[in-house]
């Protein structure tokens, strides 16, 4: 570290601590995925400040806190959600009972325990869970859960600020359980005036649901308008 920056092979990244502000997003590294800062904490005020500026934490156990702002950004317009024929059938059958915010911490824990392809370990550490539970207790973080025979079998969670929602992660133990929860969550968000869902980075699964990439600049323009009104 030198003069408040970490030197990396791809460039230098700001080191933040205490009440230090995030640097301008123009300083984010092009690779990997818009790393903007290292350090800080996961306090309620820090997390809210990060999301309001299009920044989110993502790091593994044993690493310092890493903050990111990708360019381009994967987003979903709620009304553009694509529901496959098979998923519509599952929803019509009402196989799952969908609840909101009845098991927020458990949803996060299950997301952290989910094995994902091309990923070793998890970024949903105990530190992350505690930080987002504070967001949940303050009314900003939301979970949608699919229950089957009284058991939690799928779910998803994220952060809502004003008319903006930031999707974080999902899990399932039964086919379509997380998708049913997500569809219900999108309906909930539409009813609460949300106009854009941040999906962070592109995956084939997100694209199949109707998400698309936009530039960081376009994302930030919409973001500033959507978070200005708290619903």
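Given (1) more than 18 Å from residue 11 (Cβ to Cβ); (2) more than 17 Å from the chain's Cα centre (by Cα); (3) touching a residue at least 24 places away in the same chain (Cβ under 8 Å), where does residue 25 come up short, assuming only one miss? Result: residue 25 passes all but (1).
If you check 107, 98 for being surrounded by 17 or more Cβ atoms within 10 Å (Cβ to Cβ), assigned to a helix (DSSP H, G or I), assigned by TED's automatic domain parsing to the domain that holds residue 136 and at pLDDT 95 or above, only one passes: 107. Among the residues of region 10-32, count how many are in contact with a strand residue (DSSP E or B) (Cβ under 6 Å, 6 or more places away or on another chain) and either surrounded by fewer than 16 Cβ atoms within 10 Å (Cβ to Cβ) or part of a strand (DSSP E or B) (or both). The number of residues fulfilling the criteria is 6. For region 64-93, a residue qualifies if it is farther than 18 Å from residue 210 by Cβ, touching a strand residue (DSSP E or B) at 6+ places or on another chain (Cβ under 9 Å) and in a loop (DSSP other than H, G, I, E, B), and the qualifying residues are 64, 65, 69, 70. Taking region 183-215 as the range and being under 16 Å from the mean Cα position of the chain (by Cα) and in a helix (DSSP H, G or I) as the test, the residues that pass are 183, 185, 186, 189, 205, 206, 207. The one condition from (1) assigned by TED's automatic domain parsing to the domain that holds residue 206; (2) without any contact (Cβ under 8 Å) to a residue 40 or more places away in the chain; (3) in a loop (DSSP other than H, G, I, E, B) that residue 122 does not meet is (2). Looking across region 33-55 at every residue that is touching a strand residue (DSSP E or B) at 6+ places or on another chain (Cβ under 6 Å) and under 19 Å from residue 126 (Cα atoms), the one that is surrounded by the most Cβ atoms within 10 Å (Cβ to Cβ) is identified as 40. Screening residue 29 against (1) under 26 Å from residue 214 (Cβ atoms); (2) modelled with pLDDT of 95 or more leaves a single unmet condition, (2).
Residues checked against (1) in the same structural domain as residue 95 (by TED's automatic domain parsing); (2) crowded, with 24+ Cβ neighbours inside 10 Å; (3) out of contact with any helix residue (DSSP H, G or I) (no Cβ under 7 Å at 6 or more places or on another chain); (4) modelled with pLDDT of 95 or more:
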site: 139; (1), (2), (3), (4): yes, no, yes, yes
site: 143; (1), (2), (3), (4): yes, yes, no, yes
site: 151; (1), (2), (3), (4): yes, no, yes, yes
site: 159; (1), (2), (3), (4): yes, no, no, yes
site: 163; (1), (2), (3), (4): yes, no, no, yes
site: 166; (1), (2), (3), (4): yes, no, no, yes
site: 173; (1), (2), (3), (4): yes, no, yes, yes
site: 177; (1), (2), (3), (4): yes, yes, yes, yes
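Is there a residue in region 218-228 that is assigned to a strand (DSSP E or B), crowded, with 16+ Cβ neighbours inside 10 Å and not assigned by TED's automatic domain parsing to the domain that holds residue 24? No, there is no match, as no residue in region 218-228 is assigned to a strand (DSSP E or B), crowded, with 16+ Cβ neighbours inside 10 Å and not assigned by TED's automatic domain parsing to the domain that holds residue 24. When you look at residue 215, is it modelled with pLDDT of 95 or more and exposed (fewer than 15 other Cβ atoms within 10 Å of the Cβ), yes or no? The answer is yes for residue 215.
Considering every residue within region 191-204, establish whether at least one is farther than 14 Å from residue 81 by Cβ, free of Cβ contacts under 8 Å to residues at least 12 places away in the same chain and surrounded by fewer than 18 Cβ atoms within 10 Å (Cβ to Cβ). Yes, region 191-204 contains at least one residue that is farther than 14 Å from residue 81 by Cβ, free of Cβ contacts under 8 Å to residues at least 12 places away in the same chain and surrounded by fewer than 18 Cβ atoms within 10 Å (Cβ to Cβ).
The values are calculated or read from the model by the stated rules, or taken from the named source; none is laboratory data. For clarity, every value in this text was computed on a predicted model and none was experimentally measured. Here the Cβ is made from the backbone with ideal geometry for all residues, glycine too, and neighbour counts use every protein chain on show.
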